[in-house]
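For reference, the structure discussed in these notes is given below.
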Amino acid sequence: MKRILLGLSLLFVTLGVVTAQTSVFFPPGRLASEEYVRHYVDSVLKARPVVSLPPVIPSTPEGPVLEPCKAGPEIRSIGSVTDQSLVVVFHGEKVLGMDYQISQSGTARRTGKIEPKSNTLTIGYETLSPGTYTLQLIGNTCQGTSEPREFTVPKSVGETSPTVPTNPAPIPDRTLGPQYTYVGRTDTTYLDIVLAPTDNGYLITDRASFPLRAGYEYWYSINNTVVKSATPLKDYAYHSRSGVLSITKHHYITGLDYTARWNTSEPGNTWYNQNASYSWGQRSDVGGQSILLLNSDDDVQGDLAWLDITPGWYQGEHTMSWPYRAPANSVTSGKMLGYNASVAGISSKLRQSRGETHITDASLPLSQQLGRVVGCRVLGITTTTGSRDYYRAAADRWPLHGAAAFETNEGEIWLPHGSTQVRQIMERLTERYKQAGYPYFLSPDYGGYGFMTKPIWEADQRWKYSASGPELIIRDEYFRSYGGTINTVNVKNYGSDPVDFGRSIYNRLSHYEVIKRAGYKAIGFTWNFLEIFQQGYAPGFAWQNNISGHTVLTSSLAVLPYEEAVTDGFVSMWYGDGLWVWDGQSTRNRDATTLNLSYNPAKTTLNGLRIRADRTTFEGEFQPEPDAALDGYYVGAISLTSQCRQTEGGERRYLPFSIDGKSYGVEPDGSDVLTANREKRGICQVRVKGNQATVFFLDPYAGLEWRNFSVSIGGKTFSGRVFGKRPHVANVTL
């Protein structure tokens with residue numbers, strides 16, 4: 001009995017802890033039986049305890065107070081939504097940890113924690129019912145909270161849905177129908193895209209079964225927006241029915257931040273890592289690309305009617321089609337347009353009638369010729385230690401093409417950028433041009449201003465926006481090197497790595513602005529491929545397909561996204577004085593003979609490798625070197641620009657604007673691109689002449705969604721919707 005009482009004493013002490021302030025009393029003068037104790041304990045445990053809360057004593061919080069996040073977290077886009085997961089692209093700086101909250105009608109439905117390893121996150125959660133929800137990201141290592149972003153959990157297959165077809169009809173492999181057209185694609189071994197139409201766009205699915213190695217993930221670039229995934233894309237929402245959809249797919253080590261390292265000061269989690277991707281064959285990587293022309297239109301909302309970036313003449317042909325498809329047109333007086341590529345059967349006269357000012361045609365007068373990029377070998381230079389007269393004599397050997405650029409920093413003999421020798425060559429060429437007496441565009445190198453100037457993310461370039469032209473020529477290394485010996489400086493773009501697309505285009509816009517401030521002509525110098533196989537670049541954005549029998553389809557370069565080409569073409573005329581599309585490949589044929597490849601792959605080899613033995617035609621697929629971006633440059637430089645002629649010569653300036661209700665200001669010195677790049681957001685300019693105005697908006701950091709845009713000009717507010725990274729141009733009357 002004593003043991004029972006001792007046990008009861010311990011039990012009631014424990015009960016006192018478990019049930020807070022609950023107290024147990026025995027009737028006085030009686031000794032409890034074992035049966036009574038058991039009965040009483042059961043009744044106590046079943047009863048609801050009476051809890052007495054201790055008084056609240058204010059105390060200071062433990063641990064350090066979180067500092068505000070340097071930037072973000074900001075939700076850029078939400079996609080690949082299912083009832084158990086979604087993919088969110090966010091922006092943030094020094095945001096090492098976050099909580100997420102999924103809500104519906106103001107009530108939290110799911111919460112959790114995230115430790116982001118990149119800007120693209122896959123969030124998993126318990127099953128959600130179909131419906132509309134909001135996602136919010138809250139920093140837990142710094143103070144910062146995103147605006148709620150709405151997303152929709154679709155109904156599963158078999159349920160009735162107003163937006164997602166019950167049985168999505170994929171695009172057939174060959175007969176594509178009227179809504180979409182393959183401009184070109186690689187073999188489907190590694191990328192096999194099908195689109196299912198919705199009421200406001202498409203669902204993107206990749207059917208390729210190519211397996212990943214352990215520790216790797218897929219990287220999809222969708223019009224320069226990177227989506228990382230451990231599994232092939234399935235029903236990824238693309239919310240536009242218009243434009244050209246470019247999708248590139250590759251495979252990289254999980255957690256890699258960049259596919260390219262631009263300089264040695266980049267963070268440590270970047271390329272160069274020999275195993276960051278995997279490849280085989282001759283300098284090729286595993287991957288693929290599809291480019292599709294979407295033939296439907298998006299609903300126009302607001303009073304800003306954005307000009308179409310796929311005009312009616314563009315049919316998505318696998319060639320440079322503007323010389324015979326586009327209507328007659330011209331560039332603004334004093335500006336240039338030149339393509340090195342040619343199209344079989346198309347005359348220079350026809351090309352000139354479409355707006356091209358300089359052509360690689362020796363039968364034209366020199367003033368209308370586009371000179372090939374010239375190296376030391378062509379000039380007959382055999383030494384780097386020659387006299388001034390030696391280099392001036394070399395310059396006398398070169399014909400005075402109306403547009404010319406030089407690559408004297410390549411080849412067996414290398415004259416460095418900005419060297420005295422190059423300046424002496426330019427001095428003599430300028431003297432000869434002035435004697436010839438016709439307008440010309442003379443650039444000291446094809447790489448342009450960027451070859452000697454640190455990018456805007458490495459050095460503070462803001463001082464250049466307040467300096468005068470003479471001060472720039474004295475203080476700036478590039479201008480100081482050439483002085484008054486040239487009249488043109490190139491702005492080079494050989495394709496942007498998708499991860500760095502935002503800052504690279506802002507860097508180019510800054511080049512245009514600084515070059516013009518210094519008093520020179522600024523020419524966009526570009527081509528239609530993504531430049532990749534350089535030291536410090538991952539071997540990506542190319543493709544090589546393993547076919548039975550060890551035959552391959554191979555390419556060293558992937559196609560520049562069409563929207564990037566349109567942007568590059570437009571800004572070359574809006575900010576600068578022209579566009580030179582450099583392309584060192586062979587003649588482009590209307591019958592698609594490219595690089596001496598025929599439409600019979602079984603009989604064709606490239607770099608000693610057989611192309612395909614199991615096909616007799618390409619039939620809508622890529623040849624190894626497609627030309628899909630060449631028309632995009634023309635659309636930006638000519639088709640869009642010519643529709644803004646009513647404001648040509650007017651005042652151009654940056655404007656404050658708002659996106660989804662958030663306002664952005666302007667910089668007094670005009671350095672808006674520097675601020676926009678730092679804040680990773682868009683820019684807006686207006687050009688006004690009389691009561692006519694042209695609005696230009698671009699956000700290279702945007703995701704793949706529609707947003708509400710508004711801007712005020714002369715006291716009048718204009719509004720519309722903007723989508724993704726594409727350029728937006730509209731004419732309005734004030």
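Laboratory data are not the source of any read-out in this text; all were calculated from the coordinates shown. These figures come from a predicted structure and were not determined experimentally. Cβ placement follows ideal geometry from the backbone for every residue including glycine, while neighbour counts extend to all protein chains displayed.
I'd like the distance separating the alpha-carbon centroids of the range 81-149 and the range 379-457, in whole Å.
First find each Cα centre; the distance between them is then 55 Å.
Using modelled backbone amide H atoms (1.01 Å from N, in-plane), which distant-in-sequence or interchain residues come within less than 5 Å of Cys69's amide H?
Answer set, sorted by chain and number: Gln143, Gly144.
Quick check: residue separation of Ser296 and Ser103 times 0.36 nm, minus the Cα distance between them. What number comes out in nm? If you can, show how the numbers build up before the last one.
Numbers: separation 193, 0.36 × 193 = 69.48 nm, distance 3.38 nm.
Length difference between fully extended and current span is 66.1 nm.
List, in the order given, every pair from Lys94/Lys516; Lys454/Lys662; Lys516/Lys716; Lys117/Lys249 whose Cα-Cα distance in the structure shown is over 26 Å. Could you put the intermediate results ahead of the total?
On the way: Lys94/Lys516 36 Å; Lys454/Lys662 32 Å; Lys516/Lys716 30 Å; Lys117/Lys249 20 Å.
From the list (Lys94/Lys516; Lys454/Lys662; Lys516/Lys716; Lys117/Lys249), the Cα-Cα distance tops 26 Å for Lys94/Lys516; Lys454/Lys662; Lys516/Lys716.
Please state the relative contact order of the range 71-153 as a whole percent: Cα pairs under 8 Å, 6+ residues apart? Could the numbers behind the result be given before it?
Working: 199 pairs, mean separation 29.4, N = 83.
Dividing the mean separation by the residue count of the range 71-153 yields 35 percent.
Please get the size of the charge dipole for the range 426-533, origin at its Cα centre, with Cβ charges of +1 on Lys and Arg and -1 on Asp and Glu, quoted in debye to the nearest 20. Can you show the working numbers first?
On the way: 14 positive and 12 negative charges, 73 e Å.
Around 340 debye, computed over the range 426-533.
Rg over Rh of the range 71-153, using C-alpha atoms and the Kirkwood radius, what does it come to? Don't skip to the answer; put the middle values down first.
Values: Rg = 11.7 Å, Rh = 12.5 Å.
Here Rg/Rh amounts to 0.93.
What does the highest-first list of 503-514, 126-137, 723-734, 201-212 look like by mean Cβ count within 10 Å?
Details: 503-514: 24.2, 126-137: 15.7, 723-734: 20.2, 201-212: 18.2.
Most protected by this proxy first, the peptides run 503-514, 723-734, 201-212, 126-137.
Say each of Lys434 and Thr111 gets a label point 7 Å from the Cα, pointing the same way as Cα to Cβ; how far apart are those two points in nm?
In this crude spin-label approximation the distance works out to 7.4 nm.
Could you check the simple spin-label distance between Leu734 and Glu93, using points 7 Å along Cα→Cβ, in nm with one decimal?
Going from the Leu734 label point to the Glu93 one covers 3.5 nm.
Please list, in order along the range 209-226, the HN-Hα scalar couplings obtained from phi with the Karplus expression 6.51 cos²θ - 1.76 cosθ + 1.60 (θ = phi - 60°), rounded to whole Hz, x for Gly and Pro.
9, 4, x, 8, 6, 4, x, 10, 9, 7, 10, 9, 9, 10, 6, 6, 9, 8
Using 0.36 nm times the number of residues separating Asp389 and Gln315, minus their current alpha carbon distance, what extension gain do you get?
Here the segment from Asp389 to Gln315 would lengthen by 21.3 nm.
From the phi angles alone, apply the Karplus equation (6.51, -1.76, 1.60; θ = phi - 60°) to the range 708-719 and give each ³J(HN,Hα) in whole Hz, x where the residue is Gly or Pro.
Each residue of the range 708-719 in turn: 8, 10, 8, 8, 10, 10, x, x, 10, 9, 10, 9 Hz.
Residues with amide H under 5 Å of Ala237's amide H, sequence separation 5 or more or different chain, H placed in the peptide plane at 1.01 Å from N; which?
Ser80, Val81, Ile204
So what J values fall out for the range 81-96 if you push phi through Karplus, 6.51 cos²θ - 1.76 cosθ + 1.60 with θ = phi - 60°, rounded to Hz, Gly and Pro as x?
Those phi angles translate into 7, 10, 6, 10, 6, 8, 10, 10, 9, 10, 10, x, 10, 6, 9, 8 Hz.
Between Asn140 and Thr231, what FRET efficiency comes out of the Förster formula 1/(1 + (r/R0)^6) with R0 = 30 Å and r the beta carbon distance, rounded to 0.05? Walk me through the numbers on the way to the answer.
Numbers: r = 28 Å, r/R0 = 0.93.
E between Thr231 and Asn140, to the nearest 0.05, is 0.60.
Over all distinct Cα pairs, what is the inverse of the mean 1/r for the range 649-733, reported as the Kirkwood hydrodynamic radius in Å? Don't skip to the answer; put the middle values down first.
Details: mean 1/r = 0.0761 Å⁻¹.
Final number for the Kirkwood radius of the range 649-733 is 13.1 Å.
Which order, highest average first, do 431-439, 373-381, 400-408, 451-459 follow once you tally other Cβ atoms within 10 Å for each residue and take the mean per peptide?
On the way: 431-439: 13.1, 373-381: 18.2, 400-408: 22.8, 451-459: 16.7.
Highest-to-lowest ranking by the protection proxy: 400-408, 373-381, 451-459, 431-439.
For Gly448, which sequence-distant residues (separation of 5 or more, or a different chain) have an amide H within less than 5 Å of its own amide H, given hydrogens modelled in the peptide plane?
The answer is Asn490.
Given a Förster distance of 56 Å, report the FRET efficiency between Ser712 and Arg377 from their Cβ-Cβ distance, rounded to the nearest 0.05.
Working: r = 56 Å, r/R0 = 1.01.
My answer for the efficiency is 0.50.
For the range 649-733, what does the relative contact order come out to in percent, with C-alpha contacts under 8 Å and a separation of six or more?
Numbers: 160 pairs, mean separation 24.8, N = 85.
Taking the mean separation of contacting Cα pairs over the length of the range 649-733, I get 29 percent.
Run the numbers for Thr127 and Ser85: contour at 0.36 nm per residue of separation, minus the present Cα-Cα distance, in nm. Write out the running numbers ahead of the final one.
Details: separation 42, 0.36 × 42 = 15.12 nm, distance 0.84 nm.
Full-extension gain reported as 14.3 nm.
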